[in-house]
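Read the structure below first, then the notes.
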Amino acid sequence: MISTNAFDYINILDKAADASWKRETLIANNLANADTPGYKRQDIDFQTALRNEISRFHYSSLDKKIQDVDMRNLNPEVYTDHGNYSYRLDGNNVDIDTEQVELASEQIKYQALTTSITSEFTRLQTVLK
């Protein structure tokens, strides 16, 4: 039996790209509901889930940490942001400017993740030639 960790980074990048796509969708939904009375913005926090999973291994190399990541723990839940207080009378807590900046940032992050995934596969192809 051959065991390999060649896809460990790709698997993590794939989970990150999925979470980034989901966050883009949530932010777009927040923007669409910016005028809905009582609407509370929704978000997802993949970075904290990944940080918590990697920080379990204090004195290991990054390669070893990535190899030991439990992929089941990298499924962060969507949460409703009740802590982001609304200054609006209708109770809506969506700030259009902030959401637009977050959306642009998330789009750049998603592009970087997909580029990294492509690079990882290119490296594997090069090795296999």
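The values are calculated or read from the model by the stated rules, or taken from the named source; none is laboratory data. What you are looking at is a predicted structure, and each value in this text was computed from that prediction instead of being measured. Cβ atoms come from the backbone with ideal geometry, glycine included; neighbour counts cover every protein chain shown. Quick note on the areas: whole protein, heavy atoms, side chains included, nothing else; ligands and nucleic acids left out. Shrake-Rupley method; radii C 1.70, N 1.55, O 1.52, S 1.80 Å.
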- Query: Which number in (1) among the polar types (S, T, N, Q); (2) assigned to a helix (DSSP H, G or I); (3) at pLDDT 90 or above; (4) surrounded by fewer than 16 Cβ atoms within 10 Å (Cβ to Cβ) marks the one condition that Thr36 misses?
  - Reply: (2)
- Test: Asn5 is out of contact with any helix residue (DSSP H, G or I) (no Cβ under 7 Å at 6 or more places or on another chain) and either in a loop (DSSP other than H, G, I, E, B) or of a type outside the set (Ser, Thr, Tyr) (or both): no
- Query: Which number in (1) assigned to a helix (DSSP H, G or I); (2) under 18 Å from Thr25 (Cα atoms); (3) open to solvent by less than 50 Å² (accessible area, probe 1.4 Å) marks the one condition that Tyr110 misses?
  - Reply: (3)
- Hey, does segment 4-15 have a residue that's farther than 16 Å from Lys65 by Cα, crowded, with 16+ Cβ neighbours inside 10 Å and among the basic types (Lys, Arg)? no
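Would you mention how many residues in segment 68-105 are β-branched (Val, Ile, Thr) and farther than 15 Å from Asp43 by Cα? Let's see the steps before the verdict.
From segment 68-105, those β-branched (Val, Ile, Thr) are 69, 78, 80, 94, 96, 98, 101; that's our starting set.
Okay, now just the ones that are also farther than 15 Å from Asp43 by Cα, so 69.
Here the count works out to 1.
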- Unique match (being among the basic types (Lys, Arg) and in contact (Cβ under 8 Å) with a residue 12 or more places away in the chain) among Arg23, Arg72: Arg23
- Filtering segment 42-71 for residues that are within 28 Å of Leu103 (Cα to Cα), over 13 Å from the mean Cα position of the chain (by Cα) and among the polar types (S, T, N, Q) leaves a count of 3
- Within segment 46-96, residues of a type outside the set (A, V, I, L, M), at pLDDT 80 or above, open to solvent by less than 50 Å² (accessible area, probe 1.4 Å) and in a loop (DSSP other than H, G, I, E, B) come out as Pro76, Asp81, Gly91, Asn92, Asn93
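Considering only segment 31-41, I want to know if a residue exists there that is in contact (Cβ under 8 Å) with a residue 40 or more places away in the chain, aromatic (Phe, Trp, Tyr) and more than 26 Å from Val101 (Cβ to Cβ). Before you say what the answer is, go through the steps one by one.
We begin by selecting, within segment 31-41, every residue in contact (Cβ under 8 Å) with a residue 40 or more places away in the chain; these are 31, 33-41.
Those left that are additionally aromatic (Phe, Trp, Tyr): 39.
Now drop any that are not more than 26 Å from Val101 (Cβ to Cβ), which leaves none.
Within segment 31-41 (the criterion being in contact (Cβ under 8 Å) with a residue 40 or more places away in the chain, aromatic (Phe, Trp, Tyr) and more than 26 Å from Val101 (Cβ to Cβ)), the answer is no, since none of the residues qualifies.
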- Hits in segment 87-105 (condition: without any contact (Cβ under 8 Å) to a residue 12 or more places away in the chain and over 16 Å from Leu26 (Cβ atoms)): Tyr87, Arg88, Leu89, Asp97
- Query: Among all residue pairs at least 6 apart or on different chains, which show Cβ distances below 7 Å where the first residue, located in segment 106-129, is touching a residue at least 12 places away in the same chain (Cβ under 8 Å) and the second is hydroxyl-bearing (Ser, Thr, Tyr)?
  - Reply: Glu106/Ser20; Lys109/Ser20; Tyr110/Ser20; Leu113/Ser20; Glu120/Tyr9
